Amino acid sequence: MTMWSPVLNGRKGPAYLALADAIAEGVSTGVLRPRDRLPTQRSLAYELRLSLNTVSRAYAEATRRGFLEGEVGRGTFVRVTGWQPVEAQPARMARPLSGPIDFSLNLPFAGNAEAALAQTLESLSHSPVLSSYLHHDRNDDPRRHMDAGARWMGRLKLPDAGRSVILCNGAQHGLLVALLALLRPGDVLLVEALTYAPVKSMARHLGLSLRPVAMDDEGLKPEALDDACASTRAKVLYCLPTLHTPTAITMSEARRREIAHVVEKRGLTVIEDDVFGFLPVERPPPLACFAPHHAVFLTSVSKSIAPGLRVGYLQFPDRLRGALQAATNMSTWMSPPLMSEIVSRWIIDGTAERLNAEQRNEARARHDMARQVLGPRLPGGDRSGFHVWLPLPDRWDPDAFCAAARRRGVEVQPASVFAVGDGAAPNAIRLCLSHETSRDRVRQGLAIIADLFDGAPEDSSLIV
Ligand SMILES: Cc1ncc(COP(=O)(O)O)c(C=O)c1O
């Protein structure tokens with residue numbers, strides 16, 4: 001028999017529901033464990049000064065909710081299911097402090113969003129309109145949520161005249177929506193020669209033909225873009241002008257103007273992925289500012305706040321509203337109202353700004369560490385993002401380097417993952433420094449990378 005003793009003070013509603021809630025809480029926090037035997041109804045009624053009938057109803061309610069099971073003559077037990085107490089489950093957002101050091105995923109560090117979430121959920125639970133977040137068709141909230149999104153994007157000084165906003169489930173979804181709305185199977189999609197890898201699989205699934213456009217140290221080359229337009233008659237370009245994946249290049253304002261000029265001249269629509277755009281304190285204006293009639297601007301809160309929220313925004317010329325709304329409806333109907341509400345509250349009350357600043361500071365600290373550990377091996381570049389791009393010495397092939405790093409417990413991505421077309425991928429790797437929770441592990445991983453960098457493939461093949 002468990003020593004569990006429920007506390008009903010402070011719980012709302014009829015006593016039997018308060019007791020059923022206490023049982024649910026006991027199971028979900030692990031105080032009551034699978035197969036624990038509950039007190040007999042009579043003894044609990046005596047202890048809590050409740051009627052036997054109230055305790056019976058509570059046990060029945062908890063059984064109905066799936067927390068208990070009874071066996072006639074043997075008593076009432078905590079049900080054994082796939083259910084795990086919250087504490088026993090690994091924290092999904094935070095990296096474990098053991099096992100491989102993961103520099104392969106471009107995700108923010110866990111930060112303090114959890115504390116903000118706990119507070120907001122508590123406050124939401126008392127909301128008089130809580131049930132509206134369960135509805136499909138709500139009239140007011142999407143408008144409020146879009147306004148909050150517009151406010152969040154406001155600091156980028158995106159033009160808003162003649163432009164609309166749609167909520168999406170993160171930038172990945174926004175990107176898919178844009179591709180669905182703007183292209184048909186067989187169409188050409190222009191991309192930077194190195195691009196965000198999932199675009200390659202999206203293109204494959206949508207029957208699009210990817211055409212790489214050459215880059216230099218400033219990003220996409222305007223002449224190469226112009227040539228690609230002339231030779232393919234492509235109508236759409238996907239690009240990442242700010243903290244490009246994987247090279248971490250941020251296009252200068254001058255280069256943005258040149259690209260915008262080609263976009264306008266060729267009548268292209270550009271899908272501008274600005275998912276990292278809230279990390280730099282100072283940055284050039286979005287490409288959309290220079291080609292407002294031709295740009296679908298895309299961002300999310302994944303890198304600035306937390307990726308599990310799955311809230312993103314598309315901002316685009318009004319003329320594309322029908323196509324983008326149709327693709328949104330087809331793929332998701334709507335962004336989850338509860339998540340949009342959480343993000344909107346955070347934007348309005350300043351939490352979003354605070355959490356973003358934390359990401360920014362941590363990104364900067366990790367860049368400083370990379371600079372210290374890798375020294376001159378690491379070329380200069382934008383230090384405000386989560387990732388760095390590390391060209392390798394000629395003796396190394398990037399795939400062999402990644403395999404050697406994996407053998408030493410560090411996961412990194414080679415250039416080939418991002419390369420489009422048949423041309424050889426550059427001899428470089430991407431290191432994402434923010435995903436690991438502990439700075440010590442980041443330093444440890446960087447030291448392994450530096451050591452491999454200075455060694456030779458033959459040495460590393462001896463390491464098991
Ligand atoms: C360049 C780029 N675009 C889009 C995304 C997708 O972001 P979200 O989590 O908002 O879907 C990512 C995520 O890693 C990314 O790196």
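Just a few scattered comments:
- Histogram of C-alpha separations across the chain, 10 Å bin width, %: 4, 18, 23, 22, 16, 10, 6, 2, 0
- Dipole of the chain computed with +1 at Lys/Arg Cβ and -1 at Asp/Glu Cβ about the Cα centre; of Val129, Gly455, Ala254, farthest Cα towards the positive end is Val129.
- Unit Cα scatterers, Debye sum, the range 312-431: log10 I(q)/I(0) for q = 0.10, 0.14, 0.16, 0.19 Å⁻¹: -0.58, -0.91, -0.97, -1.03
- Net charge, Gly207 excluded, C-beta distance under 11 Å - Lys, Arg +1, Asp, Glu -1: +1
- Cβ-to-Cβ counts within 10 Å put Ser5, Ser201 in ascending order as Ser201, Ser5, the fewest first.
- Arranged from fewest to most other beta-carbon atoms within 10 Å of their beta carbon, Met369, Met3, Met251, Met330 become Met3, Met330, Met369, Met251.
- The range 15-87: Cα Rg divided by the 2.2 N^0.38 Å rule of thumb: 1.02
- If R0 is taken as 56 Å, the Cβ-Cβ distance between Arg35 and Val129 corresponds to a FRET efficiency of 0.90.
- Long-range amide H partners of Ile271 with built H, under 5 Å: Leu237, Tyr238, Cys239, Val296
- Remark: the chain carries a charge dipole of roughly 1180 debye about the Cα centre, counting +1 on each Lys and Arg Cβ and -1 on each Asp and Glu Cβ.
- Antiparallel bridges, percent of DSSP beta bridges restricted to the chain (to nearest 5): 60
- Where the alpha-carbon atoms of the range 373-445 are placed on the principal axes, they occupy 38, 30, 22 Å, in descending order.
- Among Val281, Val420, a tally of other beta-carbon atoms within 10 Å of each Cβ gives an order, fewest to most, of Val281, Val420.
- Spin-label pair Glu353/Asp217, simplified geometry with 7 Å Cα→Cβ offset, distance in nm: 3.6
- What the Kirkwood sum gives for the range 136-228 is a hydrodynamic radius of 15.8 Å, with every pair of different alpha carbons counted.
- Restricting the range 198-259 to GluC sites (Glu not before Pro) in coil, as DSSP defines it, with at most 14 other Cβ within 10 Å: none
Only the coordinates and a few stated rules stand behind these numbers; no lab work does. Every value quoted in this text rests on a predicted model; they were computed, and no experiment measured them. Methodologically, a virtual Cβ is constructed for each residue, glycine included, from the backbone with ideal geometry; neighbour enumeration extends over all protein chains shown.
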